[in-house]
Amino acid sequence: MKISNRIKKNFRRKLAAALVAGMMTFSIGFGSANAAEVMNVTLDETIQRAFENNRIIKESIADRQQAFWSLSEARRQTNPTVSWQFSGQKFGGDYYRSYAYHRSFSNTGSVNMPIYQGGRLKEGRKSARYALSSADLALENTMQTVRLQSTVYYFDVLQYRNLIEVYEEEVVTLQEHLRNVNAQFRVGTVAKVDVLESQVELANAMQNLVNIQNNYDVAVANLNNYIGLPADTIIRPQDTLTYRRYDASLGDCTAYALENRPDAAMADYAVKRAESAKKSAKAGWLPQVSASVSKGLTNEDLINHKLSDQWTAGISASWNIFDGGITRAQVNQADAAITRAQEEAAQVREQIQLEVQSAFLQLHAAEKNIATTQASVALGEENYKIAQVRYAAGVGTNLDVMDASEKLTEARSNYFTALYNYNTAKANLDKAMGVPVEIDVVRYVESEEEGNTAAQSREDAALTSEAAEVPKTEEVAPVVMIDFENDSMLPSEVVEREQAFE
């Protein structure tokens with residue numbers, strides 16, 4: 001959004017005044033402003049919006065385009081090249097006075113074409129093709145990462161929305177308890193200390209609520225930023241954190257991940273590129289053959305107004321019988337690069353197994369905690385009711401009531417946290433397993449090994465018709481700016497108002 005010069009000047013003036021005064025806590029008022037946009041979104045809509053707007057994906061698409069044109073360049077290395085060379089001179093003086101002309105021109109056109117380069121051009125094409133395949137898989141990997149991160153941000157908003165309800169309920173409960181304590185204090189059945197303790201407990205609960213509301217606002221801002229919305233957009237999630245049992249075993253998840261993770265296939269392509277580089281280095285031991293045809297145009301041709309029939313054509317060959325060990329050194333470097341690529345590929349697979357196992361264990365730990373915390377909430381509610389009854393009857397203390405209230409709030413918070421952990425662990429497990437977004441990695445690799453083009457491989461592996469289309473780079477989208485003239489409510493304040501009207 002465009003920031004007006006008036007707003008910029010007003011902001012700078014107030015900022016300068018605050019710095020001169022030695023303080024950075026100041027408020028800026030911009031008068032009336034339009035309310036922030038309110039948007040109802042589901043998780044699927046959030047992920048789709050992230051795919052459309054997230055800049056990391058656009059960067060990966062640009063990387064793929066770069067790899068595509070690198071392959072195009074490698075393929076054109078075997079094409080003939082046409083060149084033209086021109087030179088012109090002017091001369092004079094007594095020595096050249098008898099010459100029929102005092103200017104010299106030379107034009108030469110030539111066509112050159114490599115015939116055999118020891119396999120260097122062929123390996124260059126293969127390496128560029130592997131790089132393009134890696135770029136395709138890197139784009140898929142990026143989209144899986146964006147799906148995970150946008151899901152986690154979305155779940156963050158759901159989690160803090162749930163916690164707002166928990167802590168608001170605690171505040172309402174403590175307010176009601178404080179009214180009861182004040183009523184009993186007025187009739188002389190409780191001491192003043194009970195009133196003070198209840199007031200302190202309520203103040204602490206209100207402080208906790210403010211902190212949770214702030215966390216909610218930050219979570220909304222993070223989600224907006226990640227999916228390409230203005231930071232002050234008010235998001236209304238339409239989903240809830242739920243529990244759905246996941247029955248796959250750790251072995252099944254790990255086997256699926258090793259076959260389908262894009263980065264595992266990318267590591268294999270890195271090994272193939274290293275092997276191709278070694279074959280290219282060996283070309284230094286082989287002859288290099290090229291062909292050329294040239295035709296020149298001289299001054300005599302210009303004066304006689306006719307072209308001579310002089311031309312040259314030939315084949316040139318070169319062979320480094322001994323290059324001082326340079327080729328051997330290059331081959332040894334390539335061997336070391338192959339070993340490094342193989343070690344990195346093995347490390348990637350070990351990391352994949354670790355990530356799957358970690359996410360799987362977190363998933364099942366959260367699953368166990370859901371049942372435990374759900375029972376704890378029921379026990380906490382009963383405990384709080386008993387504490388209230390005992391206090392009203394004069395056989396319990398005020399501390400018992402507040403302690404029961406604190407434990408009930410903790411139990412409710414732990415229940416929603418267990419749900420949050422379970423859902424985020426499931427999202428992490430999907431990413432660790434390489435659950436596809438657009439293309440099936442196994443089918444893509446099989447298609448590439450059959451010798452198909454990258455576009456055909458992508459089409460063979462596409463999960464949808466849209467995914468079969470080759471991604472194109474677009475113009476850079478404008479930076480999303482916060483509207484400084486917007487003085488609307490924070491997202492958490494909107495949540496409060498909605499709950500007040502329910």
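Compute the distance from the alpha-carbon center of the stretch 350-403 to that of the stretch 226-241, in whole Å.
Here the two parts' Cα centres lie 29 Å apart.
Report the dimensions of the stretch 189-238 along its three principal axes from the alpha-carbon atoms, largest first, rounded to Å.
Principal-axis extents of the Cα atoms in the stretch 189-238, largest first: 58, 18, 11 Å.
Under the Karplus relation 6.51 cos²θ - 1.76 cosθ + 1.60, θ = phi - 60°, what is the ordered set of whole-Hz ³J(HN,Hα) values for the stretch 150-158, x standing for Gly and Pro?
These are the phi-based 3J(HN,Hα) values: 5, 5, 5, 4, 5, 5, 4, 5, 4 Hz.
Give the ranking of Glu37, Glu381 by solvent-accessible surface, highest area first, calculated with a 1.4 Å probe.
My answer, sorted largest first, is Glu37, Glu381.
Relative to the present Cα-Cα distance, how much length would full extension add between Asn53 and Thr189 at 0.36 nm per residue of separation?
Taking 0.36 nm per residue and subtracting the Cα distance, the gain is 42.6 nm.
State to the nearest 20 debye the size of the charge dipole of the stretch 343-414 about its Cα centre, where the only charges are +1 on K and R beta carbons and -1 on D and E beta carbons.
440
Whole-Hz ³J(HN,Hα) for each residue in the stretch 264-281, computed from phi via Karplus 6.51 cos²θ - 1.76 cosθ + 1.60 with θ = phi - 60°, x for glycine and proline: what do you get?
5, 5, 4, 5, 5, 5, 5, 5, 5, 5, 5, 5, 5, 5, 5, 4, 5, 5
Would you grab the residues whose amide H sits under 5 Å from the one on Val41? Only those 5+ places off in sequence or on another chain, please, with H modelled 1.01 Å from N.
Counting only residues 5 or more places away or on other chains, the set is Arg236, Gln238.
Output the Kirkwood hydrodynamic radius of the stretch 379-438, Cα pairs only, in Å rounded to one decimal.
14.0
Using alpha carbon coordinates only, what is the Rg to Rh ratio of the stretch 395-470, with Rh defined as the Kirkwood radius?
That ratio equals 1.54.
Compute the signed sum of charges (Lys and Arg +1, Asp and Glu -1) over the other residues within less than 13 Å, Cβ to Cβ, of Glu350.
Cβ neighbours under 13 Å give a net charge of -2.
Shape call for the stretch 134-199 from the C-alpha gyration tensor, a ≥ b ≥ c root eigenvalues: rounded (a/c under 1.5), prolate (a/b greater than b/c) or oblate? Intermediate values should be presented prior to the final figure.
Numbers: a/c = 13.25, a/b = 6.52, b/c = 2.03.
Prolate, because a/c is 1.5 or more and a/b exceeds b/c.
With the alpha-carbon atoms as the only input, what is the per residue convex hull volume for the stretch 308-404 in Å³?
318
Under 1.5 on a/c is rounded, so check that first for the stretch 351-397, then, if it is not, pick prolate when a/b is larger than b/c and oblate when it is not; a ≥ b ≥ c are the square roots of the alpha carbon gyration tensor eigenvalues.
prolate
Quick one: of Lys122/Lys295; Lys407/Lys431; Lys90/Lys295; Lys58/Lys279, which pairs are farther than 25 Å apart, Cα to Cα?
In this structure, Lys122/Lys295; Lys407/Lys431; Lys58/Lys279 lie more than 25 Å apart at Cα.
Treating only the Cβ atoms of Lys and Arg (+1) and Asp and Glu (-1) as charged, compute the dipole magnitude of the stretch 51-143 about its Cα centre; round to the nearest 20 debye. Before the final figure, lay out the partial values.
Values: 13 positive and 8 negative charges, 85 e Å.
About 400 debye.
In square nanometres and to one decimal, what's the mean projected area of the convex hull around the Cα atoms of the stretch 169-296? It would help to have the intermediate numbers written out before the result.
On the way: hull surface 90.3 nm².
Averaging across all directions leaves 22.6 nm² for the Cα convex hull.
Compute the convex hull volume of the Cα atoms of the stretch 79-142, divide it by the residue count, and report the result per residue in Å³ as a whole number. Walk me through the numbers before you get to the answer.
Working: hull volume 9.8 nm³, N = 64.
Here the figure is 153 Å³ per residue.
May I ask you to rank Thr78, Thr373 by accessible area, largest first, using a 1.4 Å probe over the protein chains only? The partial results should precede the final answer.
Working: Thr78 45, Thr373 20 Å².
Putting Thr78, Thr373 in descending order of accessible area: Thr78, Thr373.
Considering the Cα trace of the stretch 212-257, what is its radius of gyration and what is Dmax, both in angstroms?
Taking only Cα atoms of the stretch 212-257, I get Rg and Dmax of 16.9, 44 Å.
From the Cα gyration tensor of the stretch 105-166, with a ≥ b ≥ c the square roots of its eigenvalues, which class applies: rounded if a/c is under 1.5, or else prolate if a/b is larger than b/c, or else oblate?
prolate
Taking 0.36 nm per intervening residue step and subtracting the Cα-Cα distance, what contour gain separates Glu45 from Leu286 on full extension?
Between Glu45 and Leu286, full extension yields an extra 81.0 nm.
What ranking, highest mean first, results for peptides 275-282, 79-86, 358-365 when packing means the other Cβ atoms within 10 Å averaged over each residue?
275-282, 358-365, 79-86
Suppose every Lys and Arg Cβ carries +1 and every Asp and Glu Cβ carries -1, with no other charges. What dipole size does the stretch 109-208 come out with about its Cα centre, to the nearest 20 debye?
1060
The values are calculated or read from the model by the stated rules, or taken from the named source; none is laboratory data. On a predicted model such as this, the values are computed, not experimentally measured, just so you know. In this analysis, Cβ positions are derived from the backbone assuming ideal geometry, glycine residues included, and neighbour counts consider all displayed protein chains. To get the accessible areas, we keep the full protein, side chains included, count just its heavy atoms, and leave off ligands, DNA and RNA. Shrake-Rupley method; radii C 1.70, N 1.55, O 1.52, S 1.80 Å.
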